Amino acid sequence: MVDLYGRSYLKDTDLNAEEYGFLLDLAAALRQEKRAGAGRPLLAGKNVALLFAKTSTRTRSAFEVATSDLGGHPTYLGPGETQFGVKESTADTARVLGRMFDGIEFRGSAHADAETLAARAGVPVWNGLTDQWHPTQSLSDLLTMRDHSDRPLDEVSVCFLGDASNNTCASLLTAGALMGMDVRVAAPLGRRPTAAVWQAAGVLAAASGAHLTLTDDAHAAVDGADFLYTDVWLSMGEDPALWDERIDLLLPFQVNAKLMAETGRPDVKFMHCLPAFHDTGTEIGRAIHERRGLEALEVTDEVFESDASIVFDQAENRLHTIKALMAATLSRSGH
C-alpha cells in the first residue's frame, strides 16, 4: 500500500519506484476525471501556499489550477511580495507558513531553501524548481512518455541533448534511472550533469536495471531513441557576453530534422520543458538573430511545430501530475 500522506517532495530520489509509479497512475486517473467533468474535492478545506522566489508560467498555473480543481484554496506569494530571504529567514518563513497553510510549494534558487522549508514548516513542501532539481517536471515528462509509448517505461529510451548541467536534466536522469529506463545524455564537457547527480542516477540504475549513457556524440546518442529531449541554452539575466561561447559549444547538439531522422524511428517524439527558443518570437530569440543570424537555438521551429512534438502534452501534464502529488500528500482519500 503506497502512502505518501504528509510527505514532502524535493527531489526525484525522495520516491521509490513503486511510489513514483503510483503518482503516475493517480495523475492519469485524475486527468481522466477532469476531462469527464467528474473531479473529486480531495483538498476541500485545505489551504496551499505557492511561494515563488522566481517567476513562472507552467508551474504557477499548474499548482493554482490543481489546488482549485481539488477543492482547495491557493495563495500565490510572488517574487518580492513577502519578506522571504530579505527581512525574514527561510526557517522563520517556514514556521509562519506552516501555521497557516496545509502545504507549501516553493520555487527558487537555492535547493537548501526547499530543504529548510520542509524541515521546519511541519507540512508537506513540494519543489516547484530549484537550482539543482525540477522533480515536478520529470513527473510530467514520464507520464507524457508513457502516454506516447505502447511499451512500459523500462522498455523506453530517451535522449537529453545540449545543456545537461541543469535541473531539468538532473531530474529526468534520476527519474529515468529510478524507473529502469534507457537514458542517454549527449552534452559537451562543462555542460554535463554533476558528479553527484550522475552517481545518484548510477545507484538507482544498478537497482532498477536502467541503462545510462553519457557522451559528447549527439549522432550516436540518438540512435534508436524513442524520445529526444532538450532545454534552453540561455537564460534571462545572464551576461550576454557568455552567449557566443555557449552557443558555439552547444550548436552541435541542436535538435533538428536531420537529428530526428538519425534516430531511425519514424515515430520518434520531441520533448521540451519550455519555454523554448525555436524562433524569433522572444526577446532573446530576436537578440540572438540580430547577433548571430540564427533563427533558433536548441530546437528548430520545423521540429518544434511538427507532429512529432509533444511539448504541449508535457505542459498540460504538469497540471495532472502536480494534482496527483498534492492529492497523495494532503489527502488520505487520494490513496
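Taken together, the values in this text are just the output of simple stated rules run on the coordinates, not laboratory data. Just so we're clear, the structure is a prediction, and the values are computed from it rather than from any experiment. Cβ placement follows ideal geometry from the backbone for every residue including glycine, while neighbour counts extend to all protein chains displayed.
Quick notes on this structure:
- Residue within segment 232-241 that is under 22 Å from K269 (Cβ atoms) and either out of contact with any strand residue (DSSP E or B) (no Cβ under 9 Å at 6 or more places or on another chain) or in a helix (DSSP H, G or I) (or both) present: yes
Yes or no, residue by residue, for (1) within 19 Å of the chain's Cα centre (by Cα); (2) crowded, with 17+ Cβ neighbours inside 10 Å; (3) not in a helix (DSSP H, G or I):
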position: A164; (1), (2), (3): yes, yes, yes
position: S171; (1), (2), (3): yes, yes, no
position: V183; (1), (2), (3): yes, yes, yes
position: R192; (1), (2), (3): yes, yes, yes
position: A200; (1), (2), (3): yes, yes, no
position: G224; (1), (2), (3): no, no, yes
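- Residues within segment 280-300 that are closer than 27 Å to C159 by Cα and in a loop (DSSP other than H, G, I, E, B), tallied: 9
- Selection from segment 102-120 of residues that are of a type in the set (A, V, I, L, M, F, W, C), crowded, with 24+ Cβ neighbours inside 10 Å and in contact with a helix residue (DSSP H, G or I) (Cβ under 8 Å, 6 or more places away or on another chain): I104, F106, L117
- Count of segment 198-233 residues, restricted to those that are farther than 17 Å from G176 by Cα, touching a helix residue (DSSP H, G or I) at 6+ places or on another chain (Cβ under 8 Å) and of a type in the set (A, V, I, L, M, F, W, C), is 2.
- Of all residues in segment 1-54, those that are under 25 Å from T130 (Cα atoms), among the small types (G, A, S) and in contact with a Gly (Cβ under 8 Å, 6 or more places away or on another chain) total 3.
- Checking each residue in segment 295-312 for being more than 21 Å from S235 (Cα to Cα) and either free of Cβ contacts under 8 Å to residues at least 40 places away in the same chain or among the polar types (S, T, N, Q) (or both) picks out E305, S306, D307, S309.
- Extreme residue, nearest to the chain's Cα centre (by Cα), among residues of segment 1-35 that are part of a loop (DSSP other than H, G, I, E, B) and among the basic types (K, R): K11
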